[in-house]
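The values are calculated or read from the model by the stated rules, or taken from the named source; none is laboratory data. All values derive from a computational prediction rather than experimental measurement. So basically every Cβ, Gly included, is an ideal-geometry build from the backbone, and we count neighbours across all protein chains shown.
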Amino acid sequence: MRQDIDALERYQLIQSPVNLPVGALTALVILVFFVNSPSAARPTWKGMLLEMDITGLILVLAGVVCYILAMQRGGTSKAWNSSEEIGTLVGFCLMVVAFIANEWYQGEKAMLCTRILKRRTVAVGSLFAFL
């Protein structure tokens, strides 16, 4: 076990003299040549909060908590046919339906813009990542 640690330490000592100067040079190039155009008008905190989809965030979090709770307890500490497990799975389904309805209602201010999801490559990529 100690030989593995020694090999890792040696590797890190060899890599440090190479990685640190390269990283410093990269940071210097970015600082010198990166031009950030000033924004026309900076939004206020209230404006930024109004742009956020808070209801969508709450619905997603509640749905994920219901799903994880059901999957973690199901079959181990609770039976799959118990009322608590069925209730958490039904709660997950209801949160997903409510999230979809909320996203439809929000339009362009939604967490998932339908304009973006209508692109075939984005829709297929999202479906592939979900599965």
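Here are the numbers:
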| quantity | calculated |
| --- | --- |
| Enumeration of residues in the range 20-50 that are closer than 25 Å to E108 by Cα and surrounded by 10 or more Cβ atoms within 10 Å (Cβ to Cβ) | P43, G47, M48, L49, L50 |
| Selection count where residues are among the hydrophobic types (A, V, I, L, M, F, W, C) and touching a residue at least 24 places away in the same chain (Cβ under 8 Å), scope the range 65-83 | 1 |
| Residue within the range 54-71 that is on the phi > 0 side of the Ramachandran plot and either at pLDDT below 90 or hydroxyl-bearing (S, T, Y) (or both) present | no |
| Subset of the range 62-90 [assigned to a helix (DSSP H, G or I) and among the hydrophobic types (A, V, I, L, M, F, W, C)] | A62, V64, V65, C66, I68, L69, A70, M71, I86, L89, V90 |
| Residue list for the range 91-118, filter: outside any helix (DSSP H, G or I) and surrounded by 11 or more Cβ atoms within 10 Å (Cβ to Cβ) | A110, M111, L112, C113 |
| Some residue of the range 99-106 being hydroxyl-bearing (S, T, Y), under 24 Å from I58 (Cβ atoms) and at pLDDT 85 or above | yes |
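For (1) outside the structural domain of C113 (by TED's automatic domain parsing); (2) among the acidic types (D, E), each residue gets a yes or a no:
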site: N19; (1), (2): yes, no
site: G23; (1), (2): yes, no
site: D53; (1), (2): no, yes
site: I58; (1), (2): no, no
site: V65; (1), (2): no, no
site: A79; (1), (2): no, no
site: S82; (1), (2): no, no
site: E85; (1), (2): no, yes
